[in-house]
Structure formats: structure tokens, C-alpha cells
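Down below is the structure, laid out as C-alpha cells.
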Amino acid sequence: MPPTAENQNTMEFLLDVPVKLTVELGNCEMTMKDLLQLGIGAVVQLDKLANDPIDIFVNQKLVARGEIVVVEDNLGIKITEVSTGSTQAAEESPAPDSAEEVT
């Protein structure tokens with residue numbers, strides 16, 4: 001439903017509600033033995049290619065995809081695709097169990 005002046009005023013109180021934004025860079029499976037052997041400098045290979053889009057979730061719901069950028073000395077996200085709200089996109093990329101949080 002597109003925003004109208006009437007429902008925008010009605011829902012304005014929601015604008016200050018905090019939400020959790022999570023970015024999923026990728027994931028992998030490993031044995032507990034391999035996990036316990038990880039140390040400083042270890043590299044964990046993820047299931048995505050370096051140029052694949054990353055998934056952006058709000059409260060565990062896929063809302064967009066993007067790419068990682070560097071802004072000064074910080075990592076950022078450049079949004080390249082916004083979800084249309086269809087359930088198909090959410091089914092293709094399930095919400096992450098654990099992912100990096102961006103603030």
C-alpha cells in the first residue's frame with residue numbers, strides 16, 4: 001500500500017521503533033573439530049563468491065541485496081536491489097541464524 005498523508009500520520013509513531021539490520025556475507029558448515037582448530041589468521045571459506053550480492057535483513061526478513069563498500073575506514077553497504085515484498089525472495093534466502101550486524 002503506497003503511503004498517503006492520512007496513513008503516514010497514523011504510522012508516524014513507528015518511525016522511532018528500533019529494528020535490527022543484519023548483513024549475511026555467506027556461510028559454511030564445518031565440524032566441531034575444525035571449528036576448534038581455528039585461530040588467529042585462519043581463513044574460513046564462505047559459500048558465496050567475492051562479487052556475489054550480500055543479503056540484507058531487517059528483523060530476520062530479507063529486505064534488500066547489496067555490495068560491500070569501504071567508507072573512510074569503515075565497511076558499508078551499497079544497496080543494489082530492494083525486495084519487492086514477495087515471499088519467493090525470502091524463501092530463496094532464509095534469514096540468517098547468525099550474521100554480522102551493521103550499525
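Rule-based calculations on the coordinates, nothing more; no lab input. Please read all numbers here as calculations on a predicted model, not as lab measurements. Cβ: placed from backbone, ideal geometry, glycine included. Neighbour counts: every protein chain shown.
Table for the structure above
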| quantity | calculated |
| --- | --- |
| Footprinting exposure proxy for 24, 29, 67 (fewest neighbouring C-beta atoms within 10 Å first) | 29, 67, 24 |
| Label-reachable residues, the stretch 8-32, where backbone N falls under 11 Å from a point 7 Å from residue 75's Cα toward its Cβ | 23-26 |
| Exposure proxy order (Cβ contacts within 10 Å, fewest to most) of 84, 22 | 84, 22 |
| Fewest-first sequence of 69, 23, 17, 58 by Cβ atoms within 10 Å of each Cβ | 17, 69, 58, 23 |
